[in-house]
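The values are calculated or read from the model by the stated rules, or taken from the named source; none is laboratory data. A quick note: this is a predicted structure, and the numbers were derived from the prediction, not measured. Cβ placement follows ideal geometry from the backbone for every residue including glycine, while neighbour counts extend to all protein chains displayed.
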Amino acid sequence: MTIDLPRSHGELPAAIKVPEDAVAVLLSGSAVVGWANPTSDIDVYVVTRSPAVLTGYTGRLATAGAEVGVVVTHDPTGRRYDAEYWTVDQIEALLERIQVADAAADSTYAALSYAEADVLYRITVARALVGEGWLHKVSGRIQSSALPFILAGRELFEADGLIEDAVGMLEAQDTASAVLAARTAFGRVVDGYLYAQGSLAPNAKWRYRKLQDLCDRSNSPALDLETYWRVETMRELDARDPTPWVRSTLALCQDLVMTIDFAPKGN
Amino acid sequence: MLEPASTPRRSATARTRKVGQGFLVAQAAEVRELNEVAALVWRSLDGTRSLRDIASSIADEYEVSEAEALSDVVELVEVLVTEGLATV
């Protein structure tokens, strides 16, 4: 569904102040991407040269080495707005950290927090109320960075551990835990695959939507929507004998992992 | 020595990363780099294809004799099995 979005920063709820040194005011999230529903909120990103001094702010988002101001408010129709205040330097520091992905160094992938991955993704799909040029430049830098493979590597690192767990649990005849480990591993592998394809939304709730979009624009996706949904919804799980489902899910994970190419671009 | 009719499979716990045409594969702390040809063998270790079938594909793809391909495939897969990366 379509949500009416503010067309200028003057149409934002009054609680979302735009400091004089703001270089960008961005709208992002599901309302901009086209995935919104009647209760969706609107995400606003205000990027300033110096840290914003917020009056009446409702929280701070702790990220690795930095804090980001957060304002949560509603417009007169009751629509919720979440605004985050980042500085140019914080964004620049993030851009520095996503230039290189090393397939053999999984442990480095955990260094990017959820909030950091989220703001980077949201910039790539944002609409500018202020700072169209800044958005274009920064979005381009993110899209040409190693971010997809940093995020994919982190997912596969987590999936590896879950797969090992699932195998061990089957050996110990803890099949219920093996089912949960295999299901979680599958989700993380699918997320890794989608990241590597450039689909950067970090919230798992968008997994189906992301794969659907990918299948719509790709002639031969490594994972088709029907197969994905069959496993995600555990359609073929036999509760009396879950072992075959676990094994086939782990095999599917391995097949999908083998399609994710970590070679630097241009190789 | 592995039999040409044997049908090994990748270990479920083998960690794999594709890098270009090859793979990095790991089990516990052991990491092995597989080149393009070895990567083709790795992909084929699905528990249904025999070493002879895999060697035949390699021979077709790279224009080597089936005997030579089989020898190389058996040698590689024996290493993978020894390192716990594949099972028979």
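Among the residues of segment A:225-267, those identified as closer than 26 Å to residue A:197 by Cα, within 14 Å of chain B (Cβ to nearest Cβ) and hydroxyl-bearing (Ser, Thr, Tyr) are A:248, A:249, A:259.
Condition first: surrounded by fewer than 20 Cβ atoms within 10 Å (Cβ to Cβ) and within 19 Å of the chain's Cα centre (by Cα). Can you find one or more residues in segment A:243-259 that meet it? No, segment A:243-259 has no match at all. Within segment A:136-154, being at pLDDT 95 or above and surrounded by 23 or more Cβ atoms within 10 Å (Cβ to Cβ) holds for one residue alone: A:138. In segment B:1-20, of all residues being over 14 Å from the mean Cα position of the chain (by Cα) and at the interface with chain A (Cβ under 9 Å from one of its Cβ atoms), the one that is surrounded by the fewest Cβ atoms within 10 Å (Cβ to Cβ) corresponds to B:20. The number of residues in segment B:47-63 being surrounded by 15 or more Cβ atoms within 10 Å (Cβ to Cβ) and either more than 30 Å from residue A:163 (Cβ to Cβ) or within 11 Å of another protein chain (Cβ to nearest Cβ) (or both) comes to 2. As for segment B:28-35, it holds at least one residue that is under 11 Å from the mean Cα position of the chain (by Cα) and at pLDDT 95 or above. Listed by first and then second residue, the pairs linking a residue in segment A:179-202 that is outside any loop (DSSP other than H, G, I, E, B) to a residue that is aromatic (Phe, Trp, Tyr) and at pLDDT 95 or above, with Cβ atoms under 8 Å apart and 6 or more places separating them unless they lie on different chains, are A:179/A:245; A:182/A:245; A:190/A:228. Counting residues in segment A:208-225 that are without any contact (Cβ under 8 Å) to a residue 60 or more places away in the chain and basic (Lys, Arg) gives one or more. If I filter segment B:21-45 down to residues being without any contact (Cβ under 8 Å) to a residue 60 or more places away in the chain and touching a Lys or Arg at 6+ places or on another chain (Cβ under 6 Å), which single residue comes out as farthest from the other protein chains (Cβ to nearest Cβ)? The residue in question is B:45.
Would you please list the contacts, defined by Cβ atoms under 6 Å and residues six or more apart or on different chains, that run from a residue in segment A:29-40 that is hydroxyl-bearing (Ser, Thr, Tyr) to a residue that is part of a loop (DSSP other than H, G, I, E, B) and modelled with pLDDT of 90 or more? Close Cβ pairs satisfying both conditions: A:30/A:36; A:30/A:40.
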